[in-house]
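S.K.: Shown below is the structure under consideration.
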Amino acid sequence: MQISIELDSQSNQSLQNQIFEAIRQQILSGVLKSGVLMLSTRALSEQLDVSRNTVILAYDRLIDEGYLYSQRTIGTFVNPNLPDHSLMLDQEYADTTGTKQQEHSSVNRHPVAFNGRVQALFNPYRDQLDIDFWVGRPDPESFPIKTWQRLILKNLAKAGSNMTEYHDPAGIVELRQAIADHLHAARGIVCRAEQIIITNGIQEGVNLVARLLIKPGTIAVTESPCYQGAAYVLESYGAKLHPVPVDKDGLDVRQLPQKNIGLAYVTPSHQYPFGATLPLERRLCLLEWAQQTGAYIIEDDYDSDFRHKSSPLTAVAGQDQHGCVIYMGTFSKSIGAALRIGYLVLPQELVSPAVTLTTLMNNGHSWLDQAVLSDFISSGSYLKHLRRIRRTYLTRRDCLVAALQQHFGDDVILSGLEGGMHLVWHLDESLPTSQEIQTIAQKVGVGVYAPSAGAVHDYSDSQCCERALLLGYSSTNENQINEGIARLADALKTREQPLNYSKDRFITQ
Ligand SMILES: Cc1ncc(COP(=O)(O)O)c(C=O)c1O
């Protein structure tokens, strides 16, 4: 009996693997029927023009995995005991040569229990843009590549068993201590290294906290609008989201609900997306509210490293006298999102359950990345790096503000200027909606973003989001900023169908 197998000498799979896979697929698809006597290894090696040893190794693996069995002196057979349901008897599939990967079976599978939606963190238009004001990305040029290289080599050289052992799932103690020291100086938070848990970014931190605190129906307050990544996680654990509006000063604490609240997820340093810094009185009200209602405050401090005007306000966690605040930080904005390192600072009573949970979830994170980051912080390089990029981002922010004023008038309404890596342009009635401007800008190779494209969850699809445009400035240089805003202004002037659009607004000053 011939077996139809086509080998690809250019493939990066070995010949042995290709033979194994082709036979396995033909068994699963029913092309090779159960109980059938296989070609001898010699015959198949001659047919395929490969060494006999290659075929023997493929057959051995098929025998080990239970697809074939061999009877001494008689030959090798397709295992007749393969359960029927493991075979894909779809006729179309059976007609193929066995290289097709997978077809749907008609079996009614157990339903997927998870129900969730995903935040818009990737920019699908990126490759089509010349100039991109995407939100919240560090300047690629700013990544401290040489120092990182040196620290990787240094840590590898002394790694010993560090690369082969499991480590403390909460994170290596050196990194947790370095973060605790940094937070004390930079954010006014006094905590012990034991209270810090290293996470795969804030995203994993929110998951961890949600799993600790949320049962289906638990009420979770969020700002409205807020960051999709947090709202969607809370929702996916069954939380009932309770939006509280934001105004020009951030969360309107007077509108906080008073009963049966599990937690409030907030961004006090730089409200996402509008960028307000929550004033001291509101911070104190928020803390008092948490103390009275028994709710936890989740403080997402994602981009507080960049404070352009004054020195940063102490974090809400730094003002917390009662252990109400779960603080979340990340290196995604200050170093790079691909690092995937963030952390939680937990009130004492949550430490032990959180460590158990992180052990169940992931057994901890990469030792090497943690060791390198720990050295980077404790050697003072992190502070130097922050000082450098703060200057760059401040210059870029000023450049963007000046370009917007030059092309759209001094009275452009902007928010979120005090810190962070993006600003929000509140469009007046003479301009199209943010969604329309996003589309117009894309046509001239410029990326500016309506809130929903920038991972903003807007409960009410409100007017304020419809008329708010997000512009990140951290990963565009000054030439690009000037060129991008000039192109946007031109595109808006010359677009074919003006929508309530007054040309006078755009006379260049
Ligand atoms: C408000 C806010 N929080 C958290 C994150 C995610 O941070 P991480 O990369 O640490 O998961 C983002 C990402 O852009 C964000 O905008």
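The values are calculated or read from the model by the stated rules, or taken from the named source; none is laboratory data. In this text the structure is predicted, and so the values were computed from the model without any measurement. Cβ coordinates were reconstructed from backbone atoms using ideal geometry, including for glycine residues, and neighbour counts include every protein chain displayed. Heavy atoms of the whole protein, side chains included, go into the accessibility calculation; ligands, DNA and RNA do not. Shrake-Rupley method; radii C 1.70, N 1.55, O 1.52, S 1.80 Å.
S.K.: Can you compute log10 of I(q)/I(0) for region 454-493 with the Debye formula, treating each Cα as one identical point scatterer, at q = 0.28 Å⁻¹?
M.R.: The calculated log intensity ratios at q = 0.28 Å⁻¹ are -0.94.
S.K.: Quick one: putting +1 on the C-beta of Lys and Arg, -1 on the C-beta of Asp and Glu, what dipole do you get for region 191-335 around its Cα centre, in Debye to the nearest 20?
M.R.: 180 debye
S.K.: Oh, and also: Can you pull the semi-axes for region 174-300, root of five times each eigenvalue of the Cα gyration tensor, sorted largest first, whole Å?
M.R.: 23, 19, 14
S.K.: Let me ask something else about it. When the label point is put 7 Å from the Cα of D490 along its Cα-to-beta-carbon vector, which residues of region 404-418 have a backbone N closer than 20 Å?
M.R.: 404-409
S.K.: Another question, then. In what order, largest first, do T358, T494 sit by accessible area if the probe radius is 1.4 Å?
M.R.: Accessible-area ranking of T358, T494, largest first: T494, T358.
S.K.: For helix 145-157, report the angle its Cα long axis makes with the longest principal axis of the Cα atoms of the chain; keep it between 0 and 90° and round to the nearest 10°.
M.R.: 50 degrees
S.K.: Express as a percent, rounded to the nearest 5, the fraction of DSSP beta bridges in the chain (both residues included) that run antiparallel.
M.R.: Bridges in the chain that DSSP calls antiparallel: roughly 55 percent.
S.K.: Continuing with the same structure: Please report, in debye to the nearest 20, how large the charge dipole of region 374-482 is about its Cα centre when each Lys and Arg carries +1 at its beta carbon and each Asp and Glu carries -1 there.
M.R.: Its charge dipole is roughly 740 debye.
S.K.: Positive end of the dipole of the chain, charges at C-beta (+1 Lys, Arg; -1 Asp, Glu), about the Cα centre: which of L62, Q348, L280 has its Cα farthest in that direction?
M.R.: Q348
S.K.: Given the peptides 194-207, 58-71, 304-317, arrange them by the average over their residues of other C-beta atoms within 10 Å, most packed first.
M.R.: The most tightly packed comes first, giving 194-207, 304-317, 58-71.
S.K.: Right, here's the next one. Specify which residue in the list S269, G160, I196 is farthest towards the positive end of the charge dipole of the chain, using unit charges on the beta carbon of Lys, Arg (+1) and Asp, Glu (-1), about the Cα centre.
M.R.: G160
S.K.: Can you tell me what share of the DSSP beta bridges in region 144-379 is antiparallel? A percent to the nearest 5 is fine.
M.R.: 35 percent
S.K.: Next question. Give me the log10 of I(q) over I(0) for the chain at q = 0.13 Å⁻¹, as the Debye formula computes it from C-alpha points; what are the numbers?
M.R.: Those come out to -1.14, one per q.
S.K.: Pairs of Cα atoms under 8 Å, at least six residues apart: use those to get the relative contact order of the chain, whole percent.
M.R.: 17 percent
S.K.: While we're here: Order R72, R396, R391, R52, most accessible first, counting only protein heavy atoms with a 1.4 angstrom probe.
M.R.: Descending order: R72, R391, R52, R396.
S.K.: Going from most exposed to least, what order do H270, H365 have by accessible area with a 1.4 Å probe?
M.R.: Highest to lowest solvent-accessible surface, that is H365, H270.
S.K.: Compute the long axis of helix 434-443 from its Cα atoms, compare it with the longest principal axis of the Cα atoms of the chain, and write down the angle in degrees, 0 to 90, nearest 10.
M.R.: Tilt of helix 434-443: around 60 degrees.
S.K.: Quote to one decimal, in nm, the extra length available between D127 and F77 on full extension: 0.36 nm per residue of separation minus the C-alpha distance between them.
M.R.: 12.8 nm
S.K.: Now for a different question. Once label points are set 7 Å from the Cα along Cα→Cβ at both R150 and A185, what is their separation, rounded to one decimal in nm?
M.R.: 1.8 nm
S.K.: Based solely on its DSSP helices, what 222 nm [θ] is calculated for the chain when runs of n ≥ 4 H residues each add -39,500 (n - 2.57) and the sum is averaged over all residues, nearest 500 deg cm²/dmol?
M.R.: Helix contribution divided over all residues of the chain: -12000 deg cm²/dmol.
S.K.: 5 Å is the cut-off here: which amide hydrogens, built 1.01 Å from N in the peptide plane, fall below it relative to Y449, excluding neighbours closer than 5 in sequence?
M.R.: Amide H neighbours of Y449: L470.
S.K.: Hey, can you grab everything whose amide H is under 5 Å from the amide H of V36? Only 5+ residues off in sequence or another chain; H modelled, so Pro and N-termini drop out.
M.R.: Result for V36 returns V78.
S.K.: Sticking with this structure for a sec: What are the residues whose amide H is under 5 Å from the amide H of H308, where those residues sit 5 or more places off or on another chain and H is modelled from the backbone?
M.R.: Those lying under 5 Å, H to H, from H308 are G419, G420.
S.K.: Still on this model: Round to the nearest 10 and give me the degree value, 0 to 90, for the angle of helix 367-378's Cα axis relative to the longest principal axis of the chain.
M.R.: 20 degrees
S.K.: In whole percent, how big is the carbon plus sulfur part of the accessible area of region 144-379, probe 1.4 Å, protein atoms only?
M.R.: In region 144-379, the share of accessible area belonging to carbon and sulfur is 53 percent.
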